[in-house]
Amino acid sequence: MVNGNGKPLKSKLTGFHKLNPAQKLQVVKEFSNLTSEETSLLKKTGALDIDAAGRMIENVIGTTELPLGIATNFLINGRDYLIPMVLEEPSVVAAASNAAKLARPRGGFSASSDDPLMIGQIQLVGVDNIDESKKKIMLNKEKIFDMANKCDSILVKFGGGVRDIEIKDFNTRRGKMLVVHLVVDVRDAMGANAVNTMAERVAPFLEELTGGNVRLRIITNLADRRLARSKAVWDKDVLGEETIERILDAYELAANDQYRCTTHNKGIMNGIDAVVIATANDFRAIEAGAHSYAARNGKYEPLTKYEKDEEGNLVGRIELPLALGLVGGATRTHPIAKIAVKIIGAKSTKELAEVVASVGLAQNFAALRALATEGIQKGHLKLHATNFAVMAGASGDMINKIAKEMIEEGNISYDRASTLLEEFQRSSNSKAASET
């Protein structure tokens, strides 16, 4: 690649990390031939100032923005919630809000969650006597507890800390391996920092006990001791019996076919990720844990279940691991995330997990209902109409005018938006000419 002056540029940038954000941006501008307008946009960091962003990740040159919407109508465990959602996909927020509204006549969502237990894994190789090593570890269980808990006195003060030790062994192509699990109550944290520190602290002692060599010492994102569940009932008189049958047929395909099940679970994560991102939690960890949990029985399965109750109403349930945090990390440093947490009003990670699980169930119900009846594109394309108008070059009041016309015609596309823009502009020009 060459810059505007034809000078060859390389991505090997010695000392780049030492530059301030403005200097980094200048280097990127030259490397990628960015315009002044483009660099000006990158300098607009919004609520997250550049210094704060630079403390969150490396080599910062700016920030990016996604829409922040509010899902309404949620009644969870008898309490009303407004729920912030951050994502770029149209119809998701509206669909969740509508699903929650339809659930209210039967009491909304009833949710529960487990204690916030996370697992730290310590891998040992070269252990000569697996059975003897297991015995030694369990005999020193209390000492391991004490070593680990001394890593985080604050966590212990608030009622957290190591709760148990589990031991697994594997015969692998690399030989036998011993894996020790530290089961840790992380309270209102996501837990990665605390658990990883504990795993690293006790690792040398485990080497002494077993004669093996430690390799990995890290948290697992399969938080299967930290499950959240939610249930809702949708009234047959509100939905209609035929719609319920259609939804059950759609669910059954997901339960039997991995291709459909993958998209089924993706729809769940549309809602879950949006709240997780809004609160600056780790959506990659949540995704990994959810999909791993979906495959826990040796087959990739839906995270939700649907059935009819004795009255013929539709009952939906969801269960998945949700390792969320309210203390530490970006949740406490990102200004918009702090506001999002305040809007939700969750006082604990258990409550937050119950809210997030309920959104996932609502999102899935909404998708199944749309797919099984009118089709997913009807709602999507209505919300895409304004985007097509903007893409065609419309601005101001013209955007809504074109979008409204396309919706009324039932013809929502970029080509139609472009044609309408030309027609409206010609009409406007003709009118202006006749008035002069």
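The values are calculated or read from the model by the stated rules, or taken from the named source; none is laboratory data. Given the structure is predicted, the values throughout are model-derived calculations rather than measurements. Cβ coordinates were reconstructed from backbone atoms using ideal geometry, including for glycine residues, and neighbour counts include every protein chain displayed.
Here are the numbers for the structure shown:
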{"quantity": "Sole exception among (1) surrounded by fewer than 19 Cβ atoms within 10 Å (Cβ to Cβ); (2) at pLDDT 95 or above; (3) not charged (D, E, K, R) for Thr333, by number", "calculated": "(2)"}
{"quantity": "Of all residues making up region 63-78, the number that are without any contact (Cβ under 8 Å) to a residue 24 or more places away in the chain and loosely packed, with under 12 Cβ neighbours inside 10 Å", "calculated": "1"}
{"quantity": "Answer residue from region 238-283, given it is among the charged types (D, E, K, R) and touching a residue at least 24 places away in the same chain (Cβ under 8 Å) and is farthest from Asp309 (Cα to Cα) among those", "calculated": "Asp282"}
{"quantity": "Criterion: at pLDDT 95 or above, surrounded by 21 or more Cβ atoms within 10 Å (Cβ to Cβ) and of a type outside the set (Phe, Trp, Tyr) - qualifying residue of Val60, Val86", "calculated": "Val86"}
{"quantity": "Looking only at region 14-56, and only at residues there that are part of a helix (DSSP H, G or I) and β-branched (Val, Ile, Thr), the one that is surrounded by the fewest Cβ atoms within 10 Å (Cβ to Cβ)", "calculated": "Val27"}
{"quantity": "Failed criterion for Ile272 (all others in (1) within 23 Å of Phe109 (Cα to Cα); (2) of a type in the set (A, V, I, L, M); (3) more than 17 Å from the chain's Cα centre (by Cα) hold)", "calculated": "(3)"}
